[in-house]
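Contents: one structure, followed by commentary.
The values are calculated or read from the model by the stated rules, or taken from the named source; none is laboratory data. What you see is a predicted model, and the numbers here were worked out from it, not measured in a lab. FYI the Cβ positions are ideal-geometry reconstructions off the backbone, even for glycines, and counts take in every protein chain you see.
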Amino acid sequence: MTKSSTATSRYAGVKFKLGNERLIKVLPSASDKLTGLLVKQGRGDYGALRVAVVGGGCSGLQYKMDLVDGPADRDILVESGEVRVVIDPKSALFVSGSELDFSDDLQSGGFKVSNPNAVVTCSCGESFAA
């Protein structure tokens, strides 16, 4: 069974698309952290990170990330770095080509999105404009 058919059967009844790492790539440190968080929540076999772009922040747009059970209708599912990421179609327009990393640095730690579409970012790194 291929990865795509495994994903399709895992989320039977949900109408989603399969994407690839050209949409978003999860780097090894973020993959390790996400895997641990999903296992801790009992979602290791099926859970995913939802990445969304919402209005707000200093620069107009900001990322919203949540751990979810899987894709919803119309989502795009990307398997990258041993984890699953789900993105709604509107947010996909803003994050295309992005990389997700994680740092446990005390002052600037956490998940960070490196987004080639961001033309302006705020000094705190939490919001952007595209």
Counted residues, segment 81-95 - those being at pLDDT below 95 and either on the phi > 0 side of the Ramachandran plot or touching a Lys or Arg at 6+ places or on another chain (Cβ under 7 Å) (or both): 2
Residue that is nearest to S96 (Cα to Cα) [pool: residues in segment 16-40 that are among the charged types (D, E, K, R) and assigned to a strand (DSSP E or B)]: K25
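Is there a residue being assigned to a strand (DSSP E or B), in contact with an Asp or Glu (Cβ under 9 Å, 6 or more places away or on another chain), of a type in the set (D, E) and closer than 26 Å to K40 by Cα anywhere in segment 60-74?
Taking segment 60-74 and keeping what is assigned to a strand (DSSP E or B), we get 61-68.
Within this subset, residues satisfying the condition of being in contact with an Asp or Glu (Cβ under 9 Å, 6 or more places away or on another chain) are 62-63.
With of a type in the set (D, E) added as a condition, the list becomes none.
No: segment 60-74 contains no residue that is assigned to a strand (DSSP E or B), in contact with an Asp or Glu (Cβ under 9 Å, 6 or more places away or on another chain), of a type in the set (D, E) and closer than 26 Å to K40 by Cα.
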Leading residue by the ranking (surrounded by the most Cβ atoms within 10 Å (Cβ to Cβ)) among those in segment 21-33 that are under 12 Å from the mean Cα position of the chain (by Cα) and more than 15 Å from Y46 (Cα to Cα): V26
Subset of segment 42-88 [over 20 Å from D101 (Cα atoms) and crowded, with 21+ Cβ neighbours inside 10 Å]: P71, D75
Q107 being assigned to a strand (DSSP E or B) and either under 24 Å from K17 (Cα atoms) or out of contact with any helix residue (DSSP H, G or I) (no Cβ under 8 Å at 6 or more places or on another chain) (or both): no
Members of segment 41-55 that are more than 19 Å from I24 (Cβ to Cβ), small (G, A, S) and either touching a Ser or Thr at 6+ places or on another chain (Cβ under 9 Å) or part of a loop (DSSP other than H, G, I, E, B) (or both): G42, G44
Long-range neighbours under 8 Å by Cβ, at least six apart or interchain, first residue modelled with pLDDT under 85 within segment 43-65, second outside any strand (DSSP E or B): G57/C122; G57/E126; C58/C122; C58/S123; C58/C124; C58/E126; S59/C122
